[in-house]
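The values are calculated or read from the model by the stated rules, or taken from the named source; none is laboratory data. Only a predicted model underlies this, so the values are computations on that prediction, with no experimental measurement involved. Using ideal geometry, Cβ is built from the backbone for each residue, glycine included, and neighbour counts are taken over all protein chains shown.
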Amino acid sequence: MKTGQSKRSSRSLVSMMLGALVFLLASLGSRGDARAEPALQKRIIYIQPLGEPLPKADVALVKRSLEIFTGLPVKMLARVKLPKMAWYPPRRRWRAEKLLRFLDKRMPADGFRILGLTAADISTTNGTYKDWGVLGLANLAGTACVISSLRCHRRSRGKRHARIRLAKVAVHEIGHTLGLDHCPTRGCLLEDARGKVKTTDREYDMCSRCRAKLKKRGYNLPAKPKIPWPKP
Ligand SMILES: [Zn+2]
Ligand SMILES: [Zn+2]
């Protein structure tokens with residue numbers, strides 16, 4: 001769903017919303033694609049834990065899932081506090097698009113992508129909704145994405161179920177940063193969640209179309225990834 005133009009950014013923002021998946025399509029600059037891409041083995045994805053720590057098993061599954069699906073090296077950064085600049089007092093939560101700006105600046109010199117990982121509630125503007133809670137937000141073909149575990153627990157069957165949902169959201173958002181838009185294939189990890197975390201429960205793998213797109217962009221995806229969750 002398109003929600004309007006961002007005046008500040010020359011990149012596109014894509015978000016996986018609780019209520020809806022939102023596109024904030026900006027005047028498309030080529031900033032994201034113009035820079036020279038490093039060799040595949042040097043494309044390090046960094047995970048930046050933000051705020052209160054998540055369970056170790058959650059962090060471990062997010063890391064493993066990113067490695068499995070992208071075939072890229074994934075490294076952890078030391079946990080930092082959520083930045084005050086992203087705090088939204090009226091709803092007592094954190095603005096995801098501001099977290100993306102914060103994460104962009106925290107990217108190590110050898111980094112390729114950075115994923116912010118938090119248990120805190122995050123939100124962004126979605127159409128007429130000024131402050132809308134989200135599962136995650138990403139810069140399309142950009143550097144940063146951020147995900148929150150909070151909504152993964154909603155009506156989950158337990159900790160493991162919520163953890164798997166979180167890892168699927170991580171792959172979805174990293175997929176956006178690698179240039180993938182939402183996918184019409186039912187059950188694809190890049191499927192538009194249309195506002196429901198439950199959508200992740202029918203997801204399993206990236207579909208052949210999404211895989212082909214990434215291959216075309218030069219990514220060497222594992223042909224048969226060892227998918228770390230059961231088939232729905
Ligand atoms: Zn999305
Ligand atoms: Zn797909």
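Table for the structure above
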quantity: Test: I122 is closer than 19 Å to T177 by Cα and in contact with a Cys (Cβ under 9 Å, 6 or more places away or on another chain); calculated: no
quantity: Criterion: surrounded by 12 or more Cβ atoms within 10 Å (Cβ to Cβ) and at pLDDT 95 or above - qualifying residue of R79, R31, R43; calculated: R79
quantity: Residues (within 13 Å of the chain's Cα centre (by Cα) and within 11 Å of ligand 1 (Cβ to nearest atom)) located in the range 172-187; calculated: H172, E173, I174, G175, H176, T177, L180, D181, H182
quantity: Residue list for the range 172-224, restricted to those being hydrophobic (A, V, I, L, M, F, W, C), touching a residue at least 12 places away in the same chain (Cβ under 8 Å) and within 11 Å of ligand 2 (Cβ to nearest atom); calculated: L180, C183, C188, L189, L190, M206, C207, C210, L214
quantity: Flag for L99 being of a type outside the set (F, W, Y), surrounded by 21 or more Cβ atoms within 10 Å (Cβ to Cβ) and within 30 Å of K226 (Cα to Cα); calculated: no
quantity: Hits in the range 120-133 (condition: in contact with an Asp or Glu (Cβ under 9 Å, 6 or more places away or on another chain) and either closer than 22 Å to R165 by Cα or without any contact (Cβ under 8 Å) to a residue 60 or more places away in the chain (or both)); calculated: A120, S123, T124, G133
quantity: Filter pass, E203 being touching a Lys or Arg at 6+ places or on another chain (Cβ under 6 Å) and either charged (D, E, K, R) or closer than 17 Å to A57 by Cβ (or both); calculated: yes
quantity: Candidates P108, P73, P83, P90, filtered to the one that is farther than 26 Å from D201 by Cβ and in contact (Cβ under 8 Å) with a residue 60 or more places away in the chain; calculated: P108
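A quick yes/no check of all residues on (1) within 14 Å of ligand 1 (Cβ to nearest atom); (2) under 27 Å from G51 (Cα atoms); (3) loosely packed, with under 15 Cβ neighbours inside 10 Å:
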| residue | (1), (2), (3) |
| --- | --- |
| L117 | no, yes, no |
| S123 | no, yes, no |
| V134 | yes, yes, no |
| A141 | yes, yes, no |
| S149 | no, yes, no |
| R155 | no, yes, yes |
| K168 | yes, yes, no |
| L189 | yes, yes, no |
| C207 | no, no, no |
